[in-house]
1. Of B:LYS257/B:LYS312; A:LYS254/A:LYS402; B:LYS51/B:LYS151; A:LYS9/A:LYS140; B:LYS73/B:LYS156; B:LYS23/B:LYS151, which pairs sit farther than 23 Å apart, going by alpha carbon to alpha carbon?
2. Let me know the mean shielding of B:330-339 by other chains, meaning the per-residue number of their Cβ atoms within 10 Å of its Cβ.
3. Are there trypsin sites (Lys or Arg not before Pro) in segment B:328-375 that DSSP marks as loop and that have at most 14 other Cβ atoms within 10 Å, and which are they?
4. Using a label position 7 Å from Cα in the Cα→Cβ direction, what is the ascending list of nm distances from A:ASP230 to the same site in the other copies?
5. Which percent of the accessible heavy-atom area of the protein assembly as shown goes to carbon and sulfur, probe 1.4 angstrom?
6. Taking the label point as lying 7 angstrom from Cα along the Cα-to-Cβ axis, what are the distances from A:SER243 to the corresponding position in the remaining copies, in ascending order and in nanometres?
7. Starting from the 7 Å offset along Cα-to-Cβ, what nm value, one decimal, do you get for the label separation of B:TRP299 and A:ASP435?
8. How many Å² of accessible area per residue for segment B:3-72, probe 1.4 Å?
There are 2 protein chains.
Amino acid sequence: MRKVEAFMKEKGLSLGDRVSVVKREGDRRIRYEGIVMPPYELSPGETLTIKLDNGYNVGVRIELIESVEVIEKARPGEEVAFKEVLPRKEGLPGVTILGTGGTIASKIDYKTGAVHAAFTAEELARAVPEIFEIANITPKLLMNIMSEDMKPDYWKRMAHEAAKALNAGEDGVVIAHGTDTLAYSAAALSFMLRDLEKPVIFVGSQRSSDRPSSDSAMNLICSVRMATADFGEVAIVMHGETSDTYCLAHRGTKARKMHTSRRDAFRSINDVPIARVWPKGEIEFLRKDYRKRGEREVWVDDRMEPRVGLLKVVPGISSELIDFFVDRGYRGLVIEGTGLGHTPNDIIPAIERATEEGMAVCMTSQCLYGRVNLNVYSTGRRLLKAGVIPCEDMLPETAYVKLMWVLGHTDDPKEVREMMLTNYAGEITPYTRFDTYLR
Amino acid sequence: MRKVEAFMKEKGLSLGDRVSVVKREGDRRIRYEGIVMPPYELSPGETLTIKLDNGYNVGVRIELIESVEVIEKARPGEEVAFKEVLPRKEGLPGVTILGTGGTIASKIDYKTGAVHAAFTAEELARAVPEIFEIANITPKLLMNIMSEDMKPDYWKRMAHEAAKALNAGEDGVVIAHGTDTLAYSAAALSFMLRDLEKPVIFVGSQRSSDRPSSDSAMNLICSVRMATADFGEVAIVMHGETSDTYCLAHRGTKARKMHTSRRDAFRSINDVPIARVWPKGEIEFLRKDYRKRGEREVWVDDRMEPRVGLLKVVPGISSELIDFFVDRGYRGLVIEGTGLGHTPNDIIPAIERATEEGMAVCMTSQCLYGRVNLNVYSTGRRLLKAGVIPCEDMLPETAYVKLMWVLGHTDDPKEVREMMLTNYAGEITPYTRFDTYLR
């Protein structure tokens, strides 16, 4: 049990209780009044989180709490902090917004000047009132982590929560996510959510929501619009240009964060975006081959093998790196090769050993744009002979996530190859369109 | 001694001898007449290479040679195969073309359909007669490897050969290089060639030179033009568009192969190209801050620490990968972090241990475009505290090469940091221009 849970037990506190807490700060005493929030599952659990009446959360370190007094007990069974059901408007579609943390849900710490993940999904929703005109919004704080800390296990939780909401009748789900690893998560849910026929829209923000230049409001508005559209896939909705004109909806397996800070950082790679989404409401589909909304129940296929690595090849790379993955019992490795999908010839024997020992080795290209082809040069042919699976025009990041998912299903080399080369969620395009380069 | 050298000794053959060789092929006997070429240094040395009169090289396996007869001995001291001095035209500048292998110097094996590195620099030069109108060309075959096999030691050889040619009076050097790792080599020579005041131009080809769609002729012509320009840096000259309009000259530290197969695969990242080079002769400089031609002698600073790694961070990455680099005695590691330069928080302790044990850890971004900034989020601040060096807007590939070079000079953490953040060859721009994204 974490400190915070022990403290709550000792003091008889429940989630949703209205409390008054007095905190020591040197000689001073500070009083906070608000609702007891669930401790973030990923925090060390050394603080009690209280939602103040101004909407902000404050975390008080347990050892600094001088006294705590319950003003009003939460009604039993009420998950106050997790879910706020607002009065539903007749005729509007229903959209659940899952909060996971990240910049779209962050604020500046005015003491240090650094940005912390801090807003709850509820606060976020309240900060952008426009979305309540588009849909009946059910916000839910799933976790509150910076996206660089995202892990396969969290992908599973997101997938299950999204499926639960959709199968309970929601028309779409929006997942607010930090941008660092947003594309990896979108790829993961693209594979995990089977028979998906409703929109699951990932959205993030490149500037925190309390800055004047923030993109979070428009991104959130467009993501809710896309979540109510005639569309049934996982997509990423982010700024299409640097100005507040429109957002682009990218297929969850074909997009990438291509810039550290620009608002239009997310780009479709080797593929045309699915749609242009205008904040006022128009959704301009840019292609015809997308799945439309349907009535099937979605189910979650979340079997994942976590022992998968990604290795970018560089001149002078040592084969001991390949050996490392084999010796540590990794089940799969995605290589970011050079050009059409090459490695130095002197590491091919180590790759051969890896496949002989049953490790699945997949080839992608560090060029990012274009398609792997191991039939053109002799090095490629040697790699094919060594058992390497050429991943067509799949992004390295998508291939990495997919290989985890595939290896969660089978260990058989033939089946792994077959599944890696099967197009499950638009991750492989049959040919590369000329007009998708550097867009 | 390799088989070929033993054979040549036994038969009294010298490089440059004109010979007649009879080869067994089953029941048949095939006779080749031509000049004995130097065996490629990197080949297993089991074939005798003969340059036929049609310009092609043929490799004959030693054990299949039935007889060999010397028709004409090479004159002593004449490096026939390495260097063909053509009659020099008065008034033309001098350009040495160094051949290293790769597609610009490759041909299809009509038996297997695969492409092999095969043309010599001489053949290459002869295949594009236009360049002899631009300059007095001295071709020199330095090595013949596919660029995926490039290593730091070969960068040194290229640097020394380029410096030798320039200090001997050449006006420029062109290095024909396979495209897979061309950008890494260009970055390496950018750091190694100190006080460079003449052009050193890397050129490659995305389609082999015997295909109708080949880009090698125009690229070679433009590279020779750039090698004679009023310019004194390392640059990459490749197609600017897919059609044969113009080439772009990119700064050697700021470019990247962004597509597996397109002719316009090379792009400047976070920077404006140096010039547009038209095959007919015009060179349109696109910026003012480049080094012009000068008279100083170039010298080679080739101290490199080869024990440097590059690691791309992915969700679910294990800190055992960081430990691996430390435990194997690597001196430096470049991380391709997410977003502004982040890693999962749970691998930061391993990074801290790495820097404590004296390993230099540098941060770049897998976004490729944009600039690392570790001051915005708490994760970044933790990384800074752990001793990570934020590499501004340097490309991960350039940072990798640079870190090898920096660690070849000093082990002192303060000096490493200072050198990594010093702009030696345009690898760091003071601010990121808005118009350099996805161009």
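The values are calculated or read from the model by the stated rules, or taken from the named source; none is laboratory data. Nothing here was measured: the structure is a model prediction, and the numbers come from that model. Heads up, the Cβs are rebuilt from the backbone with ideal geometry, glycines too, and the neighbour counts pull from every protein chain shown. Heads up: the accessible areas ignore ligands, DNA and RNA and are worked out on the full protein's heavy atoms, side chains in. Shrake-Rupley method; radii C 1.70, N 1.55, O 1.52, S 1.80 Å.
1. Among B:LYS257/B:LYS312; A:LYS254/A:LYS402; B:LYS51/B:LYS151; A:LYS9/A:LYS140; B:LYS73/B:LYS156; B:LYS23/B:LYS151, the Cα-Cα distance tops 23 Å for B:LYS51/B:LYS151; A:LYS9/A:LYS140; B:LYS73/B:LYS156; B:LYS23/B:LYS151.
2. 4
3. Hits after loop and neighbour filter: B:ARG328.
4. Output for A:ASP230: 6.3 nm, nearest copy listed first.
5. 49
6. 3.0
7. About 5.6 nm separates the two model spin labels.
8. Value returned for segment B:3-72: 54 Å² of accessible area per residue.
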